[in-house]
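These notes are about the structure you will find just below.
The values are calculated or read from the model by the stated rules, or taken from the named source; none is laboratory data. Bear in mind the structure is a predicted one, so any value in this text is a computation, not a measurement. Here the Cβ is made from the backbone with ideal geometry for all residues, glycine too, and neighbour counts use every protein chain on show.
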Amino acid sequence: MDIGGSMSQFQNSWELYQQSIQNDLDIEMETMAPCSAFPDPASDFDRNIPRICGVCGDKATGFHFNAMTCEGCKGFFRRSMKRKAMFTCPFNGDCKITKDNRRHCQACRLKRCVDIGMMKEFILTDEEVQRKREMIMKRKEEEALKESLKPKLLEEQQRTIDILLEAHRKTYDSTYSDFNQFRPPVRLDSGRRSTSRSSSLMSQGFSSSEDSSDTFSSSPEPRMLSSVELSDDSDESATMSMDFSHLSMLPHVADLVSYSIQKVIGFAKMIPGFKDLTAEDQIALLKSSVIEVIMLRSNQSFSLDDMSWTCGSNDFKYKISDVTQAGHSLDLLEPLVKFQINLKKLNLHEEEHVLLMAICILSPDRPGVQDTALVESIQDHLSAILQTYILCRHPPPGNRLLYPKMIQKLADLRSLNEEHSKQYRCLSFLPEHSMQLTPLVLEVFGNEIS
Ligand SMILES: [Zn+2]
Ligand SMILES: [Zn+2]
């Protein structure tokens, strides 16, 4: 079978069909049968005719009054029919009509028109033409109205998104190569710690041991929930009396958090409007939001496959047990992992991700903020951009209730923030732990000792 040949034939007929639609949408509507708005594509496929005028051999523009003709012969036929003209051939009545001589004998030209199938029934009356014209106008107006009602991102809004994307790309290195400069992670063999209740919970619920990776990736959530249930029967004392004696991951995690704080500050400074705030308000906003933004941005490295934050090499792959070895308990880590899972499942566009971080930072209700009105106006502006973005750019079904879901994430972050503060206070209360922290961490999260 000659596929090439039949393809090009198909393409030809397709182009013909496309062009005939184009012609029919044109205001020159005499080509159409009065009752049909569109040509029957099947019939055009059948009429695999070269695009040559059947009357004079000139280049044809489509089907006019039921035959393939040029514009000249189309007009000639319509005028002749409207005038009910009677022509007589000055020659023998069998003139051969060509492009060049078609004006010489109207009688033979008209006879040729009828011979190739042109029909006066296909000519619209003036009223029909008027009606069609009005219909097309109305359709165009309706389309214009629909277009104007569609929500659109203003140029200024798009610019803000671009600035935020750029700010995020400048402050989030997805190669994680800087992690090599942190104090190295030290992971204690969980086997040696198996007497500790919290550690055994870890290994049951969250550790990504190779043997269980299959069941993990196929059903991450039940796995999570079962571990949450597990923690429920652990009594208060199990988490409260966490074994702080060897927080082997604390130096590395402290450096990681300190580094992230710097990056979040860098991001915040580039948010349009942020620099219009007083230095005091900038600091107040950053101090209270930075841990939330760190949790938000860490979602980029969070993997649903094994419920870990995977930042490049295996050294920088963080499981729940790594964070407990930095002094945090399940009271924070279980809701945090749930948060990461649910956020991941929203499949946010990068645009939405950066807007959410900016909205999180610009919250007027943070403690210590003086000019709440200004912060609120910036946040309102960012929220409006986010809502418009979702309307215009996020296709269904992912966009369903996406904005309220994102706002809910901000509420979740508040409780995570509160739990983090509680645990941080507890942790930094001991000098042997606070001395592992960095000056920036101590400045931002507080220093219980001094
Ligand atoms: Zn012609
Ligand atoms: Zn003639």
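Filtered by the rule that a residue be outside any helix (DSSP H, G or I) and in contact with a Ser or Thr (Cβ under 8 Å, 6 or more places away or on another chain), the range 278-303 gives 301, 302, 303.
The requirement of being more than 10 Å from ligand 1 (Cβ to nearest atom) and in contact with a Gly (Cβ under 7 Å, 6 or more places away or on another chain) is not satisfied by residue 101.
Would you confirm whether any residue within the range 108-127 is surrounded by 12 or more Cβ atoms within 10 Å (Cβ to Cβ), of a type in the set (Gly, Ala, Ser) and either within 23 Å of residue 353 (Cα to Cα) or within 16 Å of ligand 2 (Cβ to nearest atom) (or both)? Within the range 108-127, not a single residue is surrounded by 12 or more Cβ atoms within 10 Å (Cβ to Cβ), of a type in the set (Gly, Ala, Ser) and either within 23 Å of residue 353 (Cα to Cα) or within 16 Å of ligand 2 (Cβ to nearest atom) (or both).
Hey, can you tell me all the residues within the range 321-342 that are part of a helix (DSSP H, G or I) and among the small types (Gly, Ala, Ser)?
321
Sub-9 Å Cβ pairs linking a first residue in the range 308-322 that is surrounded by fewer than 17 Cβ atoms within 10 Å (Cβ to Cβ) to a second residue that is at pLDDT 95 or above and of a type in the set (Phe, Trp, Tyr), at least 6 apart or interchain, are 312/176; 312/179; 313/176; 313/179; 315/179, ordered by first then second residue. Residues in the range 102-128 that are closer than 12 Å to residue 54 by Cβ and β-branched (Val, Ile, Thr): 114, 116. Hey, any hits in the range 50-72 for a residue that's closer than 26 Å to residue 129 by Cα, in a helix (DSSP H, G or I) and more than 16 Å from ligand 2 (Cβ to nearest atom)? Yes, the range 50-72 has at least one match.
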